[in-house]
Amino acid sequence: MTPKYKKILTIVIPIVISVGLVWYSLSKVPLGQIIVEAKKADFKWIFLSVICLSLSHLSRAYRWLFMLEPLGYNVRFKNSAMAVFSTYLINYGIPRSGEVARATILSNYEGVPFEKGFGTIVAERVADLFMMMIVVAITLVIQFDYIKAFFSERLNTNLFVLLLILMIVFAGLVLFLRQSKSQIFKKIKTFINGLIEGALSIFKMKKKWAFIAHTLFIWGMYLLMFYTTTFAFEPLENIPLAAVMIGFISASFSVAATNGGTGAYPAAVYAAFSIFGISKDPSFAFGWVLWGSQTLMIIVLGGLSLIYLPIYNRKKSTV
């Protein structure tokens, strides 16, 4: 396949998936019913969730400075913040293209070479990946009894055997990967080792504890954003902690897999909440309202950032 067609597919496939998921969501609960449920929401909690998300993005922008400083670049916080907000807006168009744009913005306005800026973004994503793994692990530990009971009720013997076989196959692949001399497997192994090395390099950073503190704050705000929104919907006021944690994980993966979670976010929330017997109307309304408020915030702040970036840096260049 030529690079041209690969590029087209990377744009078209996420859009098709997003459109399909929007259709799926609206086929489960009509738009009119979602609007009815949304009108019942207490929007002071929605506003609070947006504040939490905004603070997480500002913390991400500040955390980025800790990674750039050892490279010899004292980047202005305003440029870092505007680059971060621009990233999320651009990702709604083409997934992961925002990271490229973010490194480009820094290159244009702060003189940071693209490859160095992009390298710090990759290392940052490795840290976020580890945080997601920690959230998943914590969820499994604190909700182990519930999850065990849930799967015990629903898993039959055949499915259990299938899962066991898959685990054995996975373990075999890991063992094969470690010993294989195949070029493809060597590249996979090199990539995985690179991720681990990138994550461990954080501990060698001059301001590593500040970086770790900001990372914990960012993910704390993510969780708080999701949790506070449940108070906006009366049917979700007594939602179990397990539902919140699993819903957050499911929704987070949906954002990573599609254009900013378009269509996928409410579907992912519904899939998680349905496990706990929560009805589909408030589940989809929760997902759409939370995703919509996030999207509106990104459109406003990301759009203003793209507009103000050249103005702010033109003023600085004339000082």
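Things to note:
- When the stretch 293-319 is filtered for residues that are within 20 Å of L48 (Cβ to Cβ) and surrounded by fewer than 15 Cβ atoms within 10 Å (Cβ to Cβ), the ones remaining, listed by number, are L296, I299, V300.
- Residue among Y222, Y265, Y270 that is free of Cβ contacts under 8 Å to residues at least 40 places away in the same chain and on the phi < 0 side of the Ramachandran plot: Y265
- Residue selection: G220 satisfies the criterion of being modelled with pLDDT of 90 or more and either touching a Cys at 6+ places or on another chain (Cβ under 6 Å) or part of a helix (DSSP H, G or I) (or both).
- Tally, over the stretch 36-54, of residues that are surrounded by 17 or more Cβ atoms within 10 Å (Cβ to Cβ) and charged (D, E, K, R): 1
- For the stretch 249-271, a tally of residues being touching a Phe, Trp or Tyr at 6+ places or on another chain (Cβ under 8 Å) and assigned to a helix (DSSP H, G or I) returns 10.
- Verdict on V244 being over 15 Å from the mean Cα position of the chain (by Cα) and either closer than 24 Å to H57 by Cβ or at pLDDT 90 or above (or both): yes
- Looking only at residues of the stretch 268-292 that are within 18 Å of L55 (Cα to Cα) and not small (G, A, S), we find that the one that is surrounded by the most Cβ atoms within 10 Å (Cβ to Cβ) is L290.
- Of the helices (runs of 4 or more DSSP H) lying entirely inside the stretch 55-169, those containing at least 2 residues that are surrounded by fewer than 17 Cβ atoms within 10 Å (Cβ to Cβ) and modelled with pLDDT of 85 or more span 77-91, 97-110, 114-142.
- The listed residue being of a type in the set (A, V, I, L, M), over 20 Å from L296 (Cβ atoms), assigned to a helix (DSSP H, G or I) and at pLDDT below 85, out of I8, I34: I8
- Filter result for G119 (out of contact with any helix residue (DSSP H, G or I) (no Cβ under 7 Å at 6 or more places or on another chain) and on the phi > 0 side of the Ramachandran plot): no
The values are calculated or read from the model by the stated rules, or taken from the named source; none is laboratory data. Predicted, not measured: the structure shown is a model, and the values here were computed from it. All Cβ positions, glycine included, derive from the backbone under ideal geometry; neighbour counts span all protein chains shown.
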